[in-house]
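The values are calculated or read from the model by the stated rules, or taken from the named source; none is laboratory data. Just so we're clear, the structure is a prediction, and the values are computed from it rather than from any experiment. Methodologically, a virtual Cβ is constructed for each residue, glycine included, from the backbone with ideal geometry; neighbour enumeration extends over all protein chains shown.
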Amino acid sequence: MHIHVVQRGDTLWELSQKFGVPLNDILAANGLSGEEPLVIGQAIIIPRQATSHKVLAGESLWLIAHRYGLSLQELLAVNEIRNPALIYPDQVITIPPSKKPVTEVNAYTEKFGETGVGIVNEIGPYLTYLSPFSYRVQLDGSMTSLDDSAIIRAGYQHRVAPMMVITNFENGTFSPDIAHAVLSNETVQERLITDILAVMKNKGYLALNVDFEYVPPADRALYNAFLQNLVDRLHPSGYLVSTALAPKISAEQTGTLYEAHDYAAHGRIVDFVILMTYEWGWSGGPPRAVAPLNEVVKVLNYALTVIPANKIMMGMPLYGYDWTLPYVQGSKWAPTVSPQEAVRRAAKYGAEIKYDAESQSPYYNYYDEQAREHTVWFEDARSVQAKFNIVKMYRLRGVSYWVLGVAFPQNWYVLNANFTIKKLV
């Protein structure tokens with residue numbers, strides 16, 4: 001594929017003619033109807049298997065490699081170029097055939113029933129695991145129930161392995177008290193593990209994901225022991241065990257969110273970890289990219305010092321936020337916006353989409369009907385391609401999405417163009 005950034009005067013028909021790709025193929029790859037106006041700066045997937053690229057004025061070899069999901073080294077080798085700076089306009093660069101690595105893909109979902117089944121039927125081919133969110137652990141070790149049977153059945157139809165998620169989530173936040181009650185009491189812990197095994201057997205779950213957040217720092221060793229206990233009890237039945245980890249950049253990072261998450265221990269004990277590498281830009285915070293690649297890479301660089309790459313799944317968001325300016329701490333939180341809606345909103349208000357090179361994320365500003373200024377940060381084909389390049393470069397186990405139910409057709413096309421999705425079912 002090729003990712004084209006819309007310039008003034010571009011139309012979908014002209015792009016179809018320019019690249020020799022049927023218009024309907026472009027519409028399908030981008031989730032478009034053809035009625036939408038294009039926005040300057042918008043990323044458009046051109047679904048073609050390119051064998052060559054004619055260098056345009058101002059293009060670098062790195063940019064060309066990035067657009068085709070290749071490494072700079074691959075292009076240098078195939079084209080026998082020693083100095084990547086010595087390329088010139090109209091030079092024809094050979095694009096090597098894509099060799100798609102195999103990867104695992106997880107996605108959390110809070111959508112159940114008919115709506116949830118529809119989503120699973122749509123994106124099931126792109127998933128290894130489906131993680132219904134969540135079984136909420138109580139102080140006594142019991143769990144709330146979840147109406148997940150329908151989406152689990154739908155997942156199996158697409159060879160998607162269901163992954164049970166347990167959390168210490170209560171009343172809209174993660175509870176340190178619930179985490180402590182489970183980790184510090186053997187009787188409570190035994191009840192929880194017994195119930196987990198029963199649910200996994202009855203519902204057909206094949207893996208478990210432990211998402212305990214804001215665990216009291218003093219319970220760090222107890223949390224590690226709990227994970228070992230889970231692995232010892234679940235592995236004999238063939239179940240996988242994973243954890244969700246806060247995005248740390250060092251072992252000494254302070255804060256209740258981070259201190260009890262022992263990267264080295266989790267990397268040693270469980271089958272794989274999911275790094276929650278998103279929410280730098282969050283609904284209640286100041287405007288910025290949700291998953292800035294420069295920050296994500298810092299987390300990965302630390303994680304890889306203590307966790308094998310084949311045990312790391314990199315978290316990715318499927319959404320963005322629309323902040324009203326000026327940002328005031330404690331004021332109304334920014335609403336979530338899908339990448340599809342972000343582009344439609346830019347078109348509605350005449351905004352030009354820009355792309356931040358450091359965070360590798362698109363954004364724009366606009367003024368609404370009340371003359372209030374807004375800033376929108378979201379994801380597009382370019383930003384997910386940049387993340388997939390890192391996954392390939394670091395040879396990670398895969399990626400994990402938060403959260404299904406947000407319209408982002410480009411993501412699934414780019415994912416499929418980069419990887420062969422591993423199936424366990």
For this session: Could you tell me whether any residue of segment 391-403 is over 30 Å from TYR239 (Cα atoms) and out of contact with any strand residue (DSSP E or B) (no Cβ under 6 Å at 6 or more places or on another chain)?
Result: no
Exercise. So is ARG233 assigned by TED's automatic domain parsing to the domain that holds PRO216, surrounded by 15 or more Cβ atoms within 10 Å (Cβ to Cβ), of a type in the set (Lys, Arg) and farther than 27 Å from ALA198 by Cβ or not?
Worked result: no
For this session: Test each condition in (1) touching a strand residue (DSSP E or B) at 6+ places or on another chain (Cβ under 8 Å); (2) without any contact (Cβ under 8 Å) to a residue 24 or more places away in the chain for GLN370 and report the one that comes out false.
Result: (1)
Exercise. Are any of the residues in segment 213-228 assigned to a loop (DSSP other than H, G, I, E, B) and aliphatic (A, V, I, L, M)?
Worked result: yes
For this session: Name every residue in segment 147-171 that is assigned to a strand (DSSP E or B) and farther than 19 Å from SER400 by Cβ, in order of residue number.
Result: GLU170
For this session: Name the one entry in GLU279, GLU252, GLU352 that is charged (D, E, K, R) and at positive phi.
Result: GLU279
Seminar exercise, completed: Scanning segment 193-207 residue by residue, those out of contact with any Leu (no Cβ under 6 Å at 6 or more places or on another chain) and not hydroxyl-bearing (Ser, Thr, Tyr) turn out to be ILE193, ASP195, ILE196, LEU197, ALA198, VAL199, MET200, LYS201, ASN202, LYS203, GLY204, LEU206
Exercise. When you look at ALA107, is it in the same structural domain as GLY398 (by TED's automatic domain parsing) and either surrounded by fewer than 15 Cβ atoms within 10 Å (Cβ to Cβ) or not acidic (Asp, Glu) (or both), yes or no?
Worked result: yes
Problem set entry | Contacts under 9 angstrom Cβ, first residue in segment 134-146 being assigned by TED's automatic domain parsing to the domain that holds LYS203 and more than 12 Å from MET164 (Cβ to Cβ), partner at pLDDT 95 or above and basic (Lys, Arg), 6 or more apart | ASP140/ARG191; GLY141/ARG191; SER142/ARG191; THR144/ARG136
For this session: Identify, from the list THR256, THR243, the residue that is in a loop (DSSP other than H, G, I, E, B) and among the β-branched types (Val, Ile, Thr).
Result: THR256
Problem set entry | Condition check for GLN49: buried (at least 17 other Cβ atoms within 10 Å of the Cβ) and out of contact with any strand residue (DSSP E or B) (no Cβ under 7 Å at 6 or more places or on another chain) | no
For this session: Quick one: in segment 153-198, of everything that is under 21 Å from the mean Cα position of the chain (by Cα) and among the β-branched types (Val, Ile, Thr), which residue is farthest from LEU240 (Cα to Cα)?
Result: THR167
Seminar exercise, completed: Of (1) aliphatic (A, V, I, L, M); (2) more than 30 Å from SER338 (Cβ to Cβ); (3) surrounded by fewer than 19 Cβ atoms within 10 Å (Cβ to Cβ), LEU257 satisfies every one except (2)
Problem set entry | Residue selected from segment 52-101 under the condition surrounded by 14 or more Cβ atoms within 10 Å (Cβ to Cβ) and among the β-branched types (Val, Ile, Thr), by the criterion nearest to ALA381 (Cα to Cα) | ILE64
Exercise. Here are some conditions: (1) in the same structural domain as ALA260 (by TED's automatic domain parsing); (2) under 30 Å from LEU63 (Cβ atoms); (3) surrounded by fewer than 16 Cβ atoms within 10 Å (Cβ to Cβ). TYR126 meets all but one. Which one does it not meet?
Worked result: (3)
Problem set entry | Number of the condition not met by PRO326 [criteria: (1) under 30 Å from TYR129 (Cβ atoms); (2) over 21 Å from the mean Cα position of the chain (by Cα)] | (1)
Problem set entry | Single residue of segment 172-204 satisfying the filter (at pLDDT 95 or above and part of a loop (DSSP other than H, G, I, E, B)) that is farthest from GLY113 (Cα to Cα) | ASN185
